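Reading through the structure tokens given below for one structure.
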Amino acid sequence: MRIEMRERVVRHGRTGRYAKLRDMHDSLSTGPRWYVISLRPRGQHQRLRDVAKRAGHGFIALSPLRVAQRDDDATRDALRDALAADIVVFTSPNAVRAASALLPLHTRGAVLAIGDGTARALKRAGVSDVLRPSRMDSEGVLALPALADVSGRSI
């Protein structure tokens with residue numbers, strides 16, 4: 001789009017017909033080339049905002065959700081059951097913070113973290129032996145040796 005506008009502006013110069021197009025081109029050329037759109041929960045955009053700013057990108061924070069921690073007996077019971085599994089998977093630092101606020105994170109099985117931030121949160125919560133994938137996505141987690149043979153194991 002920028003190339004097309006630049007060509008039209010060059011071809012037609014400063015004629016009134018293309019003045020608006022020229023101004024649009026100038027504003028596109030001087031603004032950020034990329035925008036980072038963050039869908040993180042409310043109040044959790046700052047680190048990503050800082051990274052985007054250092055890289056010269058624009059930043060748009062859209063929070064489609066907010067983290068609300070549950071604190072009731074049913075939640076504690078469900079967490080107790082989950083921590084008793086053969087393999088326990090934590091999906092985010094938020095999950096670690098919420099769980100550790102309810103109960104100590106003592107497990108008898110393997111503990112998996114989806115990413116580095118989750119692994120660090122688990123270590124801060126007192127879980128010393130944390131497995132994490134080198135590839136930070138579901139395929140990376142599924143490739144972990146702890147998940148190679150799960151028949152008969154609770155996760």
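Between beta-carbons, use under 13 Å as the cut-off and find the net charge around D129, counting Lys and Arg +1, Asp and Glu -1.
Details: positive: R108, K123, R132; negative: none.
In short, +3.
Overall dimensions of the stretch 61-123, expressed as equivalent-ellipsoid semi-axes from the Cα gyration tensor (√(5λ), whole Å, largest first), are 20, 17, 9. Peptides 98-104, 32-38, 68-74 ranked from most to least packed, by the mean per-residue count of other Cβ atoms within 10 Å: 98-104, 32-38, 68-74.
Which net charge results for the neighbourhood of P64, defined as the other residues with beta-carbon distances under 11 angstrom from its beta-carbon, given Lys and Arg at +1 and Asp and Glu at -1? Show your work: numbers first, answer last.
Details: positive: R40, R42, R66; negative: none.
Taking every other residue near P64 into account, the sum is +3.
A short reminder: the numbers here are calculations on the coordinates, not readings from a lab. Treat the numbers as computed from the prediction; the structure is a model and nothing was measured. Quick reminder, even Gly has a Cβ in these numbers, built from the backbone with ideal geometry, and neighbours come from all protein chains shown.
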